[in-house]
Each structure stands twice: as structure tokens, then as C-alpha cells.
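Q: Structure below; questions to follow.
Derivation of every value follows stated rules applied to the coordinates shown; laboratory data play no part. Computed from a prediction, not measured in an experiment: that's the story for all the values here. Positions of Cβ are backbone-derived with ideal geometry, glycine not excepted, and every protein chain shown enters the neighbour counts.
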Amino acid sequence: MKSLFHLAFNVTNLDEARRFYGGVLGCAEGRASATWVDFDFFGHQLSLHLGEPFTTQRTGHVGEHLVPMPHFGVVLALPDWQALAGRLQAAKTTFLLAPQVRFEGQPGEQWTMFFCDPCGNPIEVKGLRSLDTLYAA
């Protein structure tokens, strides 16, 4: 079964969100109104609505780091992840967890980075040499 993921959440400023999701992340904008905007988030639908972003706490253990929970993100092929990391660094993005490799040489080896959108919504982007290894144990 082929499916697409849809996530709707709040942002405090649609113009800032457009600059970040469209400009920095390179996501194509879809439908919009005065109070919301859709983006093609790497093949999945994000609907950003004006409102108070969800509350997060750094309670998620990633190696020796605590990352914000809840968070959302995407898994990319490694070359795409590297290109996105470069765009984020060029945009002077503040990382909660800088781009790095985890589980190196082990099943589940992955590159990861955590950052927030301008409204404080935490995002994780993972990179894999092969997307087929996402669930490797």
C-alpha cells in the first residue's frame, strides 16, 4: 500500500514559516489561506496553521543527548541529507543536535540532525546510505 503522511500543526507566523519551509528547506508551497499554508515536505503534506505551537520537552534520549519530544521529521538518502545539512548550515540554522553520524558501522547506521523551525517546532532529519536499512536492528 502506498501512502503519504499528513501532519498539521501550529506556527506563530506564516511569513516566517514560508521563508523557512519554502526557502531554507526547499519545500514547495501548496494551497493556502490567510490562516494556514500547505507544504510538500519531502513528498509528505505539512499543514501549518496559525496558533500556539505544541509544547515540547527535552526528554528523548538520542545517544548521550536529550532531544525535544515530541518532534517530527523525515528520513532521506544520504546525499540528499548532506545537501540539506549544507543548506541549513549556510542559512546559519541553530542546531539542537549538529549534523552527525550515529551507530557508525552498526546495523541502523544513520546520520541525524535536530533543529527547530522559526516558531520553535522541533524537526529531526535522518540520512541513510540505503532507505532499506531504516529498521535494521
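Q: Most mobile of PRO53, PRO68, PRO122 per a Gaussian network model of the chain (Cα springs, under 10 Å)?
A: Highest fluctuation of the listed residues: PRO53.
Q: Using the Karplus equation 6.51 cos²θ - 1.76 cosθ + 1.60 (θ = phi - 60°), what ³J(HN,Hα) coupling, rounded to whole Hz, does each residue of segment 51-60 give in order, writing x for Gly and Pro?
A: In residue order, the calculated couplings are x, 7, x, 5, 7, 10, 9, 7, 10, x Hz.
Q: With contacts defined as alpha carbon pairs under 8 Å and 6 or more residues apart, what's the relative contact order of the chain in percent?
A: That works out to 22 percent.
Q: Test of understanding: what is the full-extension gain from ASP80 to ARG58, defined as 0.36 nm times their sequence separation minus their Cα-Cα distance?
A: Full extension from ASP80 to ARG58 adds 5.2 nm.
Q: For the chain, set up a Gaussian network in which alpha carbons nearer than 10 Å are linked by springs, and say which option among LEU14, LEU46, LEU66 fluctuates the most.
A: Judging by the Gaussian network model, the answer is LEU66.
Q: If you don't mind, another one. Summing -39500 (n - 2.57) over the DSSP H runs of n ≥ 4 in the chain and dividing by its residue number, what mean residue ellipticity at 222 nm do you reach, to the nearest 500 deg cm²/dmol?
A: So the helix-based figure for the chain works out to -3500 deg cm²/dmol.
Q: Counting other C-beta atoms within 10 Å, which of SER47, SER3, SER33 has the fewest, and how do the rest follow?
A: So the residues, fewest neighbours to most, are SER3, SER33, SER47.
Q: Let me ask something else about it. Taking amide hydrogens as modeled 1.01 Å from N in the peptide plane, which residues meet the under 5 Å criterion relative to GLY73, leaving out close sequence neighbours?
A: Here GLU124 satisfy the definition.
Q: Another question, then. How far apart, in nm, are the 7 Å Cα→Cβ label points at HIS49 and LYS92?
A: 3.4
Q: Springs between alpha-carbon pairs under 10 angstrom, Gaussian network model over the chain: which of VAL67, VAL101, VAL125 fluctuates most?
A: Of VAL67, VAL101, VAL125, the Gaussian network model singles out VAL101 as fluctuating most.
Q: Here's another thing I want to ask about it. Order by neighbour count: PHE42, PHE115, PHE54, fewest other Cβ atoms within 10 Å first, most last.
A: PHE54, PHE42, PHE115
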